[in-house]
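Structure first, commentary second.
The values are calculated or read from the model by the stated rules, or taken from the named source; none is laboratory data. If you're wondering where the values come from, they're calculated on a predicted model, not measured in any experiment. FYI the Cβ positions are ideal-geometry reconstructions off the backbone, even for glycines, and counts take in every protein chain you see. When the accessible area is computed, the model is the full protein with side chains, heavy atoms only, and any ligands, DNA or RNA have been set aside. Shrake-Rupley method; radii C 1.70, N 1.55, O 1.52, S 1.80 Å.
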Amino acid sequence: MSGSYEFDDVIVGWENHPFYTSVLQVMEKAGRAIQLDPNVYNRLSKPKRVLYVSVPVRMDDGSIQVFDGFRVQHNTTLGPAKGGIRYHVDVNLAETSALAMLMTLKNSLVGLPLGGAKGGIRCDPNKMSRREKQALTRRYTSEIFMLIGPDKDIPAPDIGTDAQTMAWLMDTYSSQVGHVVPGVVTGKPIEIGGSLGRVDATGRGVVYNIIEAAKRLRLDLNDKTRVAIQGFGNVGYYSAKILANVGCTIVAVSDVSGGIYNSKGVNLEELRTYIAQHRTVKGFPGGDFVSNDELLELDVDILIPAALSGQITEKNADKIKCKILAEGANGPTTSEANEILFSKGVFTIPDILANSGGVIVSYFEWVQGLQNFFWSEKDVNNKLWEKVSHAFNRVYEFHLSKKMDMRHSAIAVSLEHLSKAMLYRGFFP
Ligand code: GLU
């Protein structure tokens, strides 16, 4: 399921990467709808800071392997930079920079006092032992030490990283400054300052968005509502689980090896147990095999791409049959595909809105940590609902009034807020 954006170079030529330029294109078009100041656009078209690091790790066989890593801070107008850290074989500077730009837009859209960042290491975490991953994380943290901090830049989990990774990061940072600093990362385990509700927050946010969209489209969410989900990591799994609790039927899910289809509904808990044993969806007996490409084209009501970028392109957009496309992943749809889907009448909940639940609860975790006052899971979920539904409705109203698709509407609403803040602060010197 590797992204369809072909790009071999890890560093050079990042400004011309199709993912990066497609985010710029969308920002330009959305900007036109709100008469965005061209100076603001120019400033946002480049990241504020980029750090490349090489990360040596002693592998279990005794050899030293050197990994390429990055941390990109796209913008810090609204507050400290914020965004996840990805461990994946395709990580490169272009993708990390595009994802950092999306974080700026996402955080502004949902009204968080945070800027945008992203980090990543080009590696295959599935082929590394726990000890190797720990060494990788600790050395990467000390290499990006000068950039991060609770008032500067706050990492979080993304593809290939989890609460354990964040715990190692926090421990390494805390050891270097000499005292415990929980606020340097979010997505931590509960025992060391994590927030209740953070682990399922991205999936929960996807579902809250779908509930709002279904209301507007007058679509009932019940056992006749068929859902297909590409990707069964944190976002895919919790989107599936929470939507199943709402009453929908999850007919297909997949991971990198392919997917499983069952018209009566896939048994998610059995599948999870199977994956824990076999590390893959492949071979699961509770349904028929479908490829990742076939999954996207299934006749379903709701499609959730929750894996990598560049999955829905001009090649397959015409074959997408869902009513609601909820983008759990970042950048799963290319700009050409977006136009095709809009003209076909597919209602898209774009990534910066659909998957904003993760960073919203990250923000709650950061606030709770700063106050040393922790909330109940119910409080976290209620506050998440407020933020998601408010953002959804602002984007939806913009979409109706300007007759603009939801992706450009979301970016326009985000830019309206961000550009005012940038112009108040001005450009230094
Ligand atoms: N990696 C997640 C995202 O893409 C979460 C980022 C965060 O919590 O800072 O939104």
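What are the radius of gyration and Dmax of segment 148-273, computed over its Cα atoms and given in Å?
17.9, 56
Please report the carbon-and-sulfur percent of the accessible area for segment 206-344; probe 1.4 Å, protein heavy atoms only, DNA, RNA and ligands left out.
Carbon and sulfur atoms account for 48 percent of the accessible area of segment 206-344.
Starting from the Cα-Cα distance between GLU339 and SER45, subtract it from 0.36 nm times their residue separation and give me the gain in nm to one decimal.
That works out to 103.7 nm of additional length.
In the full protein assembly as shown, how much of VAL413 is accessible to a 1.4 Å probe, in Å² to the nearest 10?
10 Å²
Provide Rg and Dmax in Å for segment 58-177, with only Cα atoms included in the calculation.
Looking at segment 58-177, its Cα Rg and Dmax stand at 14.2, 48 Å.
Would you please name the trypsin sites (Lys or Arg not before Pro) within segment 327-407 that are DSSP coil residues with at most 14 other C-beta atoms within 10 Å of their C-beta?
Counting only loop positions with at most 14 other Cβ atoms within 10 Å, the trypsin sites (Lys or Arg not before Pro) in segment 327-407 are LYS403.
Show me the three semi-axes of the equivalent ellipsoid for the chain, from the C-alpha gyration tensor (sqrt of 5 times each eigenvalue), largest first, rounded to whole Å.
30, 27, 21
Round to the nearest 10 and report in Å² the accessible area of LYS241, as given by a 1.4 Å probe over the protein chains' heavy atoms.
70 Å²
Using Cα positions and a limit of under 18 Å, work out the aspartates and glutamates in reach of LYS152, with same-chain residues fewer than 8 apart set aside.
GLU143, ASP171, GLU365
For a Förster distance of 35 Å, can you work out the FRET efficiency between the beta-carbons of GLU269 and ASP61, rounded to the nearest 0.05?
0.40
Suppose accessible area is computed on protein heavy atoms with a 1.4 Å probe; arrange HIS88, HIS408 from highest to lowest.
From most exposed to least exposed: HIS88, HIS408.
What accessible area per residue, rounded to a whole number of Å², is obtained for segment 8-91 using a probe radius of 1.4 Å?
45 Å²
Show ARG131, ARG32 ordered by accessible area, largest first, where the area counts protein heavy atoms only and the probe is 1.4 Å.
Largest accessible area first, the list is ARG32, ARG131.
Sort MET166, MET146 by heavy-atom solvent-accessible area, probe 1.4 angstrom, most to least.
MET146, MET166
Mean Kyte-Doolittle of at least -1.0 plus a Cα span of 27 Å or more along the axis: flag which DSSP H helices in the chain meet both, please.
Sorted by number, the helices that extend far enough and score high enough are 406-425.
Along Cα→Cβ, 7 Å out, is where each label goes; now give me the distance between the ones at ASP379 and GLN277 in nm to one decimal.
Going from the ASP379 label point to the GLN277 one covers 4.2 nm.
Based on DSSP, what percent of beta bridges with both residues in the chain are antiparallel, to the nearest 5?
50 percent
Pull out the extension gain between HIS417 and THR21, defined as 0.36 nm times the separation in residues minus the alpha carbon to alpha carbon distance; nm, one decimal.
Once the chain is fully extended between HIS417 and THR21, it gains 140.3 nm.
Have a look at PHE427, VAL281, LEU105 and report the one farthest towards the positive end of the charge dipole of the chain, computed about the Cα centre with Cβ charges (Lys/Arg +1, Asp/Glu -1).
Result: PHE427.
Could you state, as a whole-number percent, how many of the C-alpha pairs of segment 369-429 are farther apart than 17 Å?
Here the tail beyond 17 Å accounts for 60 percent of pairs.
Quick check: convex hull of the Cα atoms in segment 147-199, volume per residue, rounded to a whole Å³?
Expressed per residue, the convex hull around the Cα atoms of segment 147-199 is 77 Å³.
Report, largest value first, the span of the C-alpha coordinates of segment 322-384 along each principal axis, in whole Å.
49, 19, 11
In segment 21-101, how does Rg compare with the Kirkwood Rh, expressed as the Rg/Rh ratio over alpha carbon atoms?
A ratio of 1.12.
May I have the convex hull volume per residue, in Å³, for the Cα set of segment 288-353?
That works out to 77 Å³ per residue.
Could you compute how much accessible surface HIS417 exposes when probed at 1.4 Å, giving the result in Å² to the nearest 10?
80 Å²
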